[in-house]
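The values are calculated or read from the model by the stated rules, or taken from the named source; none is laboratory data. Note that the structure is predicted; figures quoted are calculated from it, not measured. Note: ideal-geometry Cβ built from the backbone for every residue, glycine included; neighbour counts use all protein chains shown.
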Ligand code: HPA
């Protein structure tokens, strides 16, 4: 694994002249932020050694190096989901590579189903914490001490400082944000009504099929994490309607300019 990480990191370093400290993982259909990146250099996943190739609809699958609000960033358009069949080492491989090229802040975005009855469709949820319900842990197996500790602390998996900064930016710009706990589960089914109730009962505010593995590995690697979830549907009793991938994308599309704005301001404030 170490050899693969270094090989991929060396390949990417040979392609770029920038030194990004911030990595951004964009969720399904949430690639709008890419249009704000200037001086960009795009590298399709299929040209990157050891990189898995993304398959799901709505993902174009590329790395974009460039500047967001004048700050060097590396954005990942399209992530690798567990439900696509990748194992957890593949799902989280890009985070390892990010760390190896010098990135120590990770910003992630995703779409989710809200289970907090106060939420509305289209809300931007700042992720304050998560609950890992994936059946495979990305750190299971041999621990490489070079990458991080055997038993990593997760008491502040999402940086309080970055959450506070984001809240301030939102307030100053009249953007509504909510805060909450993201429950990560495998999918690819959306939830039954009983499952939505269960996720609420165990302490969740929103549920989705990504993010948790990447944030676990980023914490293992000592990176500072921040996450925004776009609530694209509601799994709330009385408000549950049929969900589809297309609807998730339609709502995501509507809200993503606000998310892009928040991310851009935040990157400049880090
Ligand atoms: N459940 C799981 N993942 C999701 C949902 C949902 O309701 N909406 C968007 N991603």
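Of the residues making up segment 251-264, one or more are within 12 Å of the ligand (Cβ to nearest atom), surrounded by fewer than 20 Cβ atoms within 10 Å (Cβ to Cβ) and either assigned to a loop (DSSP other than H, G, I, E, B) or touching a residue at least 40 places away in the same chain (Cβ under 8 Å) (or both). Take the conditions farther than 21 Å from residue 265 by Cβ and within 16 Å of the ligand (Cβ to nearest atom) and apply them to residue 204. Does it pass? Spelling it out, residue 204 is indeed farther than 21 Å from residue 265 by Cβ and within 16 Å of the ligand (Cβ to nearest atom).
Total residues in segment 202-242 satisfying the condition of being modelled with pLDDT under 95 and surrounded by fewer than 16 Cβ atoms within 10 Å (Cβ to Cβ): the figure is 5. As for segment 149-160, it holds at least one residue that is in a helix (DSSP H, G or I) and either within 16 Å of the ligand (Cβ to nearest atom) or without any contact (Cβ under 8 Å) to a residue 40 or more places away in the chain (or both).
I'm checking my understanding of the structure. Among residues of segment 183-199 that are part of a loop (DSSP other than H, G, I, E, B) and more than 19 Å from the chain's Cα centre (by Cα), which one is nearest to the ligand (Cβ to nearest atom)? Quick ask: steps written out before the conclusion?
Applying the first criterion (part of a loop (DSSP other than H, G, I, E, B)) to segment 183-199 yields 185-192.
Applying the additional criterion that residues be more than 19 Å from the chain's Cα centre (by Cα) yields 189, 191-192.
Details: 189: 8, 191: 5, 192: 11 Å.
Here the residue is 191.
One residue stands out among those in segment 83-108 that are at pLDDT 95 or above and within 26 Å of residue 234 (Cα to Cα): the one that is farthest from the ligand (Cβ to nearest atom), which is 107. Only one of the numbered conditions (1) assigned to a loop (DSSP other than H, G, I, E, B); (2) closer than 27 Å to residue 250 by Cβ; (3) free of Cβ contacts under 8 Å to residues at least 24 places away in the same chain is not met by residue 86, and that is (3). The set of residues from segment 217-243 being over 22 Å from residue 129 (Cα atoms) and within 10 Å of the ligand (Cβ to nearest atom) comprises 240, 243.
Checked against (1) within 16 Å of residue 120 (Cβ to Cβ); (2) away from the ligand (no atom under 15 Å from the Cβ); (3) modelled with pLDDT of 95 or more, residue 180 passes all but condition (2). If I filter segment 135-145 for residues that are away from the ligand (no atom under 13 Å from the Cβ), outside any helix (DSSP H, G or I), surrounded by 15 or more Cβ atoms within 10 Å (Cβ to Cβ) and in contact (Cβ under 8 Å) with a residue 12 or more places away in the chain, do I get at least one hit? Yes, segment 135-145 has at least one match.
Looking only at segment 256-264, decide whether some residue is over 18 Å from residue 35 (Cβ atoms) and in contact with a strand residue (DSSP E or B) (Cβ under 6 Å, 6 or more places away or on another chain). Even if it seems obvious, please write down each step before you answer.
First, the residues of segment 256-264 that are over 18 Å from residue 35 (Cβ atoms): none.
No, there is no match, as no residue in segment 256-264 is over 18 Å from residue 35 (Cβ atoms) and in contact with a strand residue (DSSP E or B) (Cβ under 6 Å, 6 or more places away or on another chain).
Does residue 34 qualify as being within 30 Å of residue 243 (Cα to Cα) and in a helix (DSSP H, G or I)?
On the way: within 30 Å of residue 243 (Cα to Cα): yes; in a helix (DSSP H, G or I): yes.
Yes: the conditions hold for residue 34.
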